[in-house]
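Trainee: I have a structure I would like to understand better, so I am pasting it below and will then ask my questions one at a time.
Quick note: the coordinates plus some simple rules give every number you see, no bench work behind them. No experiment lies behind these values; they were computed from the predicted model shown. As a convention, Cβ positions derive from the backbone with ideal geometry for all residues, glycine included, and neighbour counts pool all protein chains shown.
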Amino acid sequence: MKLSVSVPDELWMKACRRIDDDSPSAVVQSALSRLAAAAATDYQVRPMSDEISAALEAARAHVVADAREMFQAGYSQGLELAAQLSYQELEWIVQTGGVKAAKDAASRGPAPGSYAAPIGSGLLAKYFGSYADPLDSVEWTPSRPTTEGIDAALHDVWQRVTETVDLTGGDAEDAEQQ
């Protein structure tokens, strides 16, 4: 089936960061699959009792707390990464998305004469693990909350840079105060 849809840019970027493939078909198919999986059948009435409901809530709260810790750790890592990047590198990774930028840096690899991403895969491997490893030597992959935390921190730094820096010579905040 062929469809024509309009999606706000920010929503599209968020959706693309949720899956490994950012092609329009892959994003839409993933979203539709998740929507279809969430639909309950007649026998799937959840929760069935107050006891099960309480257990469900306790499990949810535990997992949310764990995800929140991973996000916070990722946010701290993102601030650490941002402090090592140039303006051009930060702009590129924010526009591309952390995981995709890491994969792009790794896929271009160290081949002589090839186009190089503005950020080396070595730096990104420290934060994005196997996503940024062109040689498959990194054996860990960060969790989604961790990568979302890294991306959030990079976006926050980028937003502060673009809101407050006068590229002609000083901080816009300094100019306003004078």
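Trainee: What lysines sit close enough to Lys100 to cross-link, taking a C-alpha to C-alpha distance under 17 Å and skipping anything fewer than 8 places away on the same chain?
Mentor: Lys14, Lys126
Trainee: Also, I was wondering about something else. Obtain the nm distance between the two label points defined at Ala36 and Thr168 by a simple spin-label model: each point lies 7 Å from its Cα along the Cα-to-C-beta direction.
Mentor: So the two model labels end up 5.6 nm from each other.
Trainee: Hey, another quick one. Given R₀ = 30 Å, what would the calculated FRET efficiency be for Leu135 paired with Lys2, taking r from the Cβ atoms and rounding to 0.05?
Mentor: About 0.15, to the nearest 0.05.
Trainee: Another question, then. Give me the number: length gained by fully extending Lys126 to Glu57, i.e. 0.36 nm times residue separation minus the C-alpha to C-alpha distance, one decimal in nm.
Mentor: 21.4 nm
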